Amino acid sequence: MEVSRRDFLKLSGAAAGAGGLLLHVSMAERTIAATERLPLKNMGETTTICPYCGVGCGVIMAVEDGKIVNIEGDPDHPISEGSLCPKGASLYQVANNAERLTKARHRAKGASAWTDIAWEDVVDQVAAKIKETRDSTFEEKDGEDNLVNRTLGVASLGSVFPNSEEAYLMSKMLRALGLVYIENEARICVSSAVAADTETVGRGPMSNSWLDIASSDCIMIIGGNMAESFPVAFKWVTRAKENGATVIHVDPRFTHTSAKADLYACVRPGTDLAFVGGIIRYVTEDMVANPDRYNMEYLREYTNAAYLVDPGFTGPADTLDGLFSGWDGSKYDKATWSFQKDESQPDGIKKDATLNDPNCVFQLLKKHFARYTDDKVAEITGTDKNSFRQICEAYAATGQANKSGTFVFSSSACQRTTGTQTVRAFGILQLLLGNMGLAGGGLNGITGAVNGLGCTLQGLVFHWGPGAGSVRMPIASEQSLADYGVDKARLVSILKAWYGDTQHDVSYGYLPKTGGNYSWQALFKAIDDGTIKGLICWGINPAVSGPNAAAAREALKKLDWMLVIDLWETETASLWQLEDCDTEVFLLPAAHPLEKEGSVCNTCRWNQWRYKGSEPPGDAKSDLWIITSLVLKLKDLYEGQTDKNAAAITSLTWDYGDPPDVVEVTKEMN
C-alpha cells in the first residue's frame, strides 16, 4: 500500500493526538498527588567573573546546599552578554574536582614522600623558615653605606589569579619583610606593551574597552589568534565586521582568526616590527602626497609631530650604524634628544605647523622609517608584497577624520627582545592616523589572566608598589622621603595605610630600597647562583611555564626551601621527585576564585566584583586567610626584636578581622 506524504502526515497527527489524549488522562489522575510530593530545592544564583583570560566575562553560579551545581554565562554582563568560551563553561569541573588539594602537605629534606600537616603547624614552620632566611641574609646597608633594609635571600613569584585585595596584602607583607625579588607572570606576558604604551599614551596594555571594537572601521589583529584564544572578545570583532569593518590578521600561522579575516599576511616569527614599520613608511609618504586623506589637524594639534628637535640629533638613518646621537659605548647622552625652545609658546616648545621642517618630529620619523620599503618588508617578513600593499591601503584609510582603526595584540607581539619597540611602533602608527582617544581605535593588548593587570597594579612586580607606576619602590640613593621625587603624596598615603600614625620619614625608612634588576630572569639567576635560598610561589608554576623551563627547574632544585600555594599539586611543587633535589617543600591548598570574594581588574581596566559561590574543599583556604595567618605569626616572632628592621613587621597595621574580611581590605586600598 502506497502512502502519500500528505496521508502520512495526517496519520502521524492522528496517532500523536491519540497518544496525547492518553497521556493527558494518565497525568490528570496523578496531578494533585505529584504536586504535593515535589520538594522545593534550596538553590540560589550568585554572580562572579570568569578567572581565566583578561576579557573578564560574567558568570552565574547556581548553588544548591552550598555546592555549585551549574555554571552559565551572565546575560546581563556587558562584555560577554551571556556567552562563555569552553574554558569558562568548564568552571564547574574545577569547583567539583577530585584532584583538588584538600590538605596542606610537607616534604622534608631528603624525604621520599609527602606528609599531611595541620594548618597551625605549617604556618608556624613556614613563618620560622621565612624569618630564619630573612635574618641570615638581611642587608641593612649597601656598599655605599646607604640604608637599604632588604633581603636577597627570599623571593616571591606570582600571581595573576588572586583578587586585587589579596595581591595588595601580598605586596604589603613582602615589602615589610624587605623582599626585592618580587615578580609575577605579567613580566613574561604583556609587560613590554605596558612599557611601550606608557611612552605612547601614558598607560597600557589596553586603551579602549572590548565594546569599543564594534565601532571600528578596520581591526588589525597581530601577534595572536584572537578567535580561538579569546573567543568571547572576538564577538566584538565579528560585530564590527557585520557593520562593515575590515579585519586584518598578521601571523605566521593561518588560524581561525585568519579564516575570519578579510586580509591575511603570513609573516616570519619575530618580524612584526618590520611589517608595521613598512606601514608607517607608507602612511608618512602618503600623507605628504595626499594630505586630504588624513586628519592632519589631529596630527598637528594632538601629537608632537610638529615639535622641533635639537638640530644636533641624528638617528640610524643618518649614522647608518643602528645608533642614535649621544652613544658613548655603554649608554646614551640625551642632550641632543630635547625639543627646541620657544618662550612664546604656552608649553615653551618650538613647532612647525607645516610639518616641513627637517628637524620636526614628523620629518625625522619619516626619514627613520623610509628604509622599510615594500621590497624590504617582503624580504624581512617573507610576506607577499601585494598582500602587504593591500593591508597598507586598508589600514591607512582609517586616517580619515570620520574613520577609526584599532590594534589588537597579545603576548606573541610582546615576548621577544624587541617587544617594547614593536608595540611602540603600533602606537606611532595609531597616533599618525589619529586612532587614539576615540571609539573603535586604540592600542588593545590582551592580558592572559583575568586579574593579571589588577595584581600587577597592586605591586607584584619588583619596581612597582600598590598604584603601579605612580608608586614605584624607592631606590638606594633615595635615602629620605624628600629624595623620593614626584608622587610623594601617593607614597605617603601608602605609608599611612601600612604604618598608621608612625612619622612618614620613619616608615619610609622601613621600606626596602632597590639597587639593581630583580626581574624574572635576574631572579632565576639569583636562585641558580645560590643568592636566593627560599621561594614563595603564589598560584604559579615556573617549572613549566617560564622561559627555558629546563634551566628554571635546575635552578629551583638548588633552593633550601619552597612554599607553593595552589589548587593542585603542580610540577613546581613536585620538583623534589626529580633526581638531586633536596629542597624542603610546603604545599598549601588554596581556594578557587569561585570560592571567595573580591575584585579583579581585566585587561581594559574594568574593576569587577566576584562573589563567593561555595566553600573550598577540605582544608583549602583563601590567599587572604593564608597571608593574614603568616603575617600575624611573623609579627609574633619579631616581637621584642630590635635589629634586622624588625619594626617594619611589628609596626605593620593588620586589622582585617578574624577571619579576615575582604571588604576591610578594599576600604584600605581605596
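The values are calculated or read from the model by the stated rules, or taken from the named source; none is laboratory data. Only a predicted model underlies this, so the values are computations on that prediction, with no experimental measurement involved. Backbone-built Cβ (ideal geometry, glycine too); neighbour counts: all protein chains shown. Accessible surface is based on the protein model in full, side chains and every heavy atom, while ligands, DNA and RNA are left aside. Shrake-Rupley method; radii C 1.70, N 1.55, O 1.52, S 1.80 Å.
Limited to the range 128-159, what total is found for residues that are closer than 27 Å to VAL544 by Cα, aliphatic (A, V, I, L, M) and out of contact with any Gly (no Cβ under 6 Å at 6 or more places or on another chain)?
Selection size over the range 128-159: 4.
Looking only at helices (runs of 4 or more DSSP H) that lie completely in the range 357-460, which have at least 1 residues being at pLDDT 95 or above and of a type in the set (A, V, I, L, M)?
By residue number, 361-369, 374-381, 385-396, 419-432.
Which of the residues that make up the range 580-616 are within 21 Å of LYS533 (Cβ to Cβ) and either open to solvent by 10 Å² or more (accessible area, probe 1.4 Å) or out of contact with any Leu (no Cβ under 6 Å at 6 or more places or on another chain) (or both)?
Of everything in the range 580-616, those that are within 21 Å of LYS533 (Cβ to Cβ) and either open to solvent by 10 Å² or more (accessible area, probe 1.4 Å) or out of contact with any Leu (no Cβ under 6 Å at 6 or more places or on another chain) (or both) turn out to be ASP580, CYS581, ASP582, GLU584, VAL585, LEU587, LEU588.
Just checking, which of THR303, THR314 is in contact (Cβ under 8 Å) with a residue 60 or more places away in the chain and of a type in the set (Ser, Thr, Tyr)?
Of THR303, THR314, the one residue that is in contact (Cβ under 8 Å) with a residue 60 or more places away in the chain and of a type in the set (Ser, Thr, Tyr) is THR303.
Table: residues versus (1) part of a loop (DSSP other than H, G, I, E, B); (2) over 28 Å from the mean Cα position of the chain (by Cα); (3) at pLDDT below 95; (4) surrounded by 14 or more Cβ atoms within 10 Å (Cβ to Cβ).
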residue	(1), (2), (3), (4)
PRO78	yes, no, no, no
VAL94	no, no, yes, yes
ASN97	yes, no, yes, no
LEU101	yes, no, no, yes
ARG105	no, yes, no, yes
ALA113	yes, yes, no, no
GLU132	no, yes, no, yes
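Quick one: is ALA128 open to solvent by 30 Å² or more (accessible area, probe 1.4 Å), at pLDDT 95 or above and either β-branched (Val, Ile, Thr) or out of contact with any Phe, Trp or Tyr (no Cβ under 9 Å at 6 or more places or on another chain) (or both)?
Against the criterion (open to solvent by 30 Å² or more (accessible area, probe 1.4 Å), at pLDDT 95 or above and either β-branched (Val, Ile, Thr) or out of contact with any Phe, Trp or Tyr (no Cβ under 9 Å at 6 or more places or on another chain) (or both)), ALA128 qualifies.
Hey, among PRO311, PRO252, PRO346, which residue is assigned to a loop (DSSP other than H, G, I, E, B) and either closer than 23 Å to LEU433 by Cβ or within 26 Å of the chain's Cα centre (by Cα) (or both)?
From the options PRO311, PRO252, PRO346, the qualifying one is PRO252.
In the range 573-605, which residues are farther than 24 Å from VAL122 by Cβ and of a type in the set (Gly, Ala, Ser)?
SER599
Considering each residue of the range 457-480, count those that are under 23 Å from ASN670 (Cβ atoms) and surrounded by 15 or more Cβ atoms within 10 Å (Cβ to Cβ), and give that number.
14
When both residues are 6+ apart or on different chains and their Cβ atoms are under 6 Å apart, which pairs have a first residue that lies in the range 64-86 and is closer than 23 Å to PRO616 by Cα, and a second that is open to solvent by 30 Å² or more (accessible area, probe 1.4 Å) and outside any loop (DSSP other than H, G, I, E, B)?
GLU64/MET43; ILE71/TYR92; ASP74/THR47
Kindly indicate whether any position in the range 408-423 is among the hydrophobic types (A, V, I, L, M, F, W, C) and surrounded by fewer than 19 Cβ atoms within 10 Å (Cβ to Cβ).
Within the range 408-423, not a single residue is among the hydrophobic types (A, V, I, L, M, F, W, C) and surrounded by fewer than 19 Cβ atoms within 10 Å (Cβ to Cβ).
Do the conditions hold for ALA227, that is, is it open to solvent by 10 Å² or more (accessible area, probe 1.4 Å) and in contact with a His (Cβ under 7 Å, 6 or more places away or on another chain)?
yes
Among the candidates THR502, THR572, which residue alone is open to solvent by less than 10 Å² (accessible area, probe 1.4 Å), among the polar types (S, T, N, Q) and part of a loop (DSSP other than H, G, I, E, B)?
Residue meeting the stated conditions: THR572.
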